[in-house]
Structure formats: C-alpha cells, structure tokens
1. Relative contact order for the chain: what percent, with Cα pairs under 8 Å and sequence separation of 6 or more?
2. Compute the helix-to-body angle for 2-24: its Cα long axis versus the longest principal axis of the chain, expressed 0 to 90° and rounded to tens.
3. State the answer as a single residue: which of VAL85, ALA62, ALA115 lies farthest towards the positive end of the charge dipole of the chain, with beta carbon charges of +1 for Lys and Arg and -1 for Asp and Glu, about the Cα centre.
4. Among LEU263, LEU47, LEU254, determine the one that fluctuates most according to a GNM of the chain built with springs between C-alpha atoms less than 10 Å apart.
5. Which of the aspartates and glutamates could a cross-linker span from LYS347 if the Cα-Cα distance has to be under 12 Å and same-chain partners fewer than 8 positions apart are dropped?
6. Length gain on complete extension for the stretch ARG305 to ARG267, per 0.36 nm per residue less the alpha carbon to alpha carbon distance?
7. Hey, with R₀ at 25 Å, roughly what FRET efficiency would ASP313 and ARG237 work out to, going by the Cβ-Cβ distance, to 0.05?
8. Counting only heavy atoms of protein chains, what accessible area per residue, in Å², does the chain have with a probe of 1.4 Å?
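The values are calculated or read from the model by the stated rules, or taken from the named source; none is laboratory data. A quick note: this is a predicted structure, and the numbers were derived from the prediction, not measured. Every residue, glycine as well, gets a Cβ built from its backbone with ideal geometry; the counts of neighbours run over all protein chains shown. Note: accessible area is taken over every heavy atom of the protein model, side chains too, but ligands, DNA and RNA are not part of it. Shrake-Rupley method; radii C 1.70, N 1.55, O 1.52, S 1.80 Å.
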Amino acid sequence: MLDLMRLIHLLSSAVVTVLLLAWVGLPGEHVTTTLAKPSWPWRPDGLGTPAIDVVGKVPFAAEVFGDVAVVPRYGPRVGLAAARVTDGSPVWRYENAWSDDSVGHVRVDDRRIAAVWRDGRVTLLDVPDGRVVWRADLPDGPYHQANRAYDEEWGAAWELSLAADGSVPIVVVAHEGRIDAVDGRTGAIRWSYPPRGSAACFDGARGEGEVVMVFQRCPGPTPHVMLDAGDGRPRWRFDGGEWYHARALGAGRLAWVDGSGGLNVSRAADGRLLWRVPSAGLKDNPYGTDMGVSAELVTVVADRRVTAYRIADGAVAWRRDRVGGDSAVLTDGTYTYVAEDATTLLKLDARTGRVVDRHRFAADITLEWLRGGLAGINVGVGDDVLVG
C-alpha cells in the first residue's frame, strides 16, 4: 500500500512538472521555428511606385525586416517573436525561459537583430529563419551590484545603439558604468570603455556612424568624449548635450542642432565645424527623426516649412511650406516623407521637393521609420501602417 502511494505521488509530481514546464518553458535560450516561411526578399505591390500604397500593418513596437515583423515577448517566456506581415502567421519564437530580465534589442542590419539581457548575454538572430548567428557574454561593469538592485542613480540603465567601422556594424552596449563594443559579424568585444578608475564619471553613450558619443558627469566642468567606433580611441572632446541626437551623414560628417536651433555639420574625425545655418529654426535637442538624411541632403522641418540643405556646403536645395503636423522627416534619397498636416502624408521627390503623392489617414499620423522602401506610419493610437 505504501509503495502504491509513493508511485501515485511520483506520478502526480511528474504531471505537475510537465504542466509547469509546458507553461513557463524549459530553462535557457530556445528558438522555435514554424512552418510559415517569410517572403524574402519581400516586394509587395506598390513598393517603389510613385503612389502612396498601404501595404501592411504591424505592431507599434515591431522591427520590420522585409515580410517579417519582430516584437518583444514578456511574461514567463521572455524574448522575441517574429510573424509574417502579410498574414500574421508566426515564423519563429526566441525565448529565454526562467531568464534574467531582457534589456532590449537593437537592429544590426537589414536581416539581423541582437537581443541583450541584464546578465550580459547578447544573441544575434538571423530574422528570415530565426537562426542564432552568434552568442556573446559581456563582463560585469563596475556598478553591477547596483544594477541588480535597479539603482538608476549609480548606472543601472542599459543603452543599446549601433555604430559602424566601415561596413562592419558595431553593437554598442552601455551598461553598469562601462561600454562594450561588440563586432556585429562575430560577437567579439572590439573594445571597452571607460579606463579603470574613471567609471564614476560615466553617464551613458550612443553610437552614430563611425563614432560613439560618451557622456560624462563629474564634479566641475565635465567634457564629453567622442570615441572611434572601430577601436575605441578618443577622437575629441565636446561640451553640451546637443550632440546626443546628432545624425551621421556619411562621408565622415555629423549633423547636430545647437541650443539656439541652428543646424550644424561637423567632421566626425575631429569635431571641426564645416558649416552652420543659424536661422534653421529647429527645436533645441530634437530627436533624430527631425532630420532626414540621405547621401547628398539633410532635410528638416522647422516652423511650417520643409527645407533640404546640401550636405556639401549647407546651401538650400529646395524648400516648401506645409500646414503642420508631425515634425519627423523620412528619406532614402529617392523619396522623402513628411506630414503636410496632422492627418496627411506627403511623398516628395527627395532631390527637388516636388510632390509625388499625398494620402489622408483617418487620424493623426506620426512618421516612425523608413527602410528598404517601406515607411512605418503610426495612425492615431495603434499599430504602424506600412506604406510604399
């Protein structure tokens, strides 16, 4: 009788364990693929045509790679999930059950995304098939214990961004009082910052183009420092927070907005000012979307005008009036998207400013991103609408 009771107890425990694992998942990282395959590369009807065509809809927080939308997963199964834009069918799930907290993800290129965890794990995923490309482990920063207690005052925040060393993407992870720059091809740590003993001054970082902007706070005057994205060498020092939302223009140049609203372009190598438009009328410290960047032009919205400046010398290439609406500018050098008013999207010829098409939505619009000929437009309070 006793043996039977033990057997029943063991069987009951096994069933409970199986049910629990089915709910929370097995511990560790897992990639689960499905039978649904994305259209890769995806060329929906309307992509590349002059008219504005609505070609899909994705969650507001999604990163879109062709026909695949990647969104974060929360709850007991933390990670990322990928689904097809065309019909919503799942493509793969990347889970880290029983995991430490996810601190976010960063888009590395047109088909890869890196997931970062609070314990220092970084995993690069190939989006079309969910394959793990590489895994890396970051060392603890000097404020690791404070970070574990979520103590923001002592460097608990993590910041993820992307820089580049030529054609090589560099994943920049600012965490726990240090920066680790990870080679996007291999997962190897290329360099770390700050040097030993100076972590108390570290206050965050952001990669942009070929440089990494490091912001510091110490007693007295505290110059910030610009590092080379390839090897972490200090290039030059600067004052002021206007640089935080600087945009890389290519050809070793950075565009930034000063405290008086002037548009500035400087050399990334040494910070030398190349030209300035003091009357640009931009807001102090605008977020990056307020500047649309292509190979030859930087296009901005200020007051009720859209103005494209030549990157070479700051001369006005074209200018047009608008009524109002979102101040973001999206451009790929062929087409430029701006809001004509609160609900109307304009598609312009990026080189001349000529109106190619306009599309009126049912609610206020916010221009989010433009990649691969697809633009993400948030309509009202909801998902992003994809237009091409």
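1. Here the relative contact order equals 10 percent.
2. Helix 2-24 and the main axis of the chain meet at about 10 degrees.
3. VAL85
4. Answer for the Gaussian network model of the chain: LEU47.
5. ASP53, ASP332, ASP357
6. Length gained between ARG305 and ARG267: 11.0 nm.
7. 0.40
8. Details: 17950 Å² over 388 residues.
It amounts to 46 Å² per residue over the chain.
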